[in-house]
């Protein structure tokens, strides 16, 4: 089983970040597997993952920053994988730090004395449910502008059955341009823009304006374990008319709703809050104050809560609270900086 197979079968929208070549991917039999760009493209992964599962992490400032929960075939193997990974971290002097994990996983570690706090939410559209009638005025206005004023048209690219090298060249040019844009520099990411990383599980929707110029791209990844898809990236070019990103998301959502058996899950992934939630276990008051203040300042400067506000207008069917989990005594300003270092490195 390849890494992308493992994530698609058992993972969620957070685990998809692990295909980024700058992640270390831990498996008990191999300690860790480092991937370069070519390894990602060739999808050359280790077969042990099908039996053992995997954990994606990045070492920074003495922390092993893990995005998401262990990804394994069943709960028993997930627990074995976690125990093995914690031993691995101890042996290398790393403090394990889990980001964007759901309540049950946070609770399982809290029982063992770990600390956790809410810092984000996962916003999920449910295509199997009727499309909300009460779209916001803002969304209706954006869609109208894109279609009637900008004459934007959206198509789906069937890469597996009808590969188009010319279109893929334009997509890569769009991605390259976005990486260097002010839009990318003002956001935090948990992985790089890699539109074809999940080639066999991907869906691609692109937007064009009259003349055939590509102005937007939306990528989805199929997640069988969640009975649906995750939205990986939605990007637009400076030439895109206002409302292009809204049109891409609405078109993809409507396409999934048209299935005879619509999926239950279309996730935007992690939507950070503007502040950190309450710690489950009291820590050093001074360290906690500094860490909270730093996060709040960065959240304001980077408009982290803007993601959640933007996504609300699409008719969120359900939400999951997401937590930061660390060992008692590890919560500090250094921990916040380790998280930010990882995200800032991966903006493009």
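Annotations
- Per-region count, region 218-228, residues out of contact with any helix residue (DSSP H, G or I) (no Cβ under 6 Å at 6 or more places or on another chain) and under 15 Å from residue 159 (Cβ atoms): 2
- Restricting 193, 160 to residues that are crowded, with 19+ Cβ neighbours inside 10 Å, farther than 16 Å from residue 250 by Cβ and at pLDDT below 95 narrows the list to 193.
- Residues of region 121-137 satisfying the condition of being under 24 Å from residue 305 (Cβ atoms), modelled with pLDDT under 90 and surrounded by 13 or more Cβ atoms within 10 Å (Cβ to Cβ): 132, 135, 136
- The set of residues in region 59-79 that are in contact with a strand residue (DSSP E or B) (Cβ under 8 Å, 6 or more places away or on another chain) and under 13 Å from residue 335 (Cα atoms) comprises 59, 62, 63, 64, 65, 66.
The values are calculated or read from the model by the stated rules, or taken from the named source; none is laboratory data. Quick caveat: nothing in here was measured; it's all calculated off a predicted structure. Every residue, glycine among them, receives a Cβ derived from its backbone with ideal geometry; neighbour counts consider all protein chains shown.
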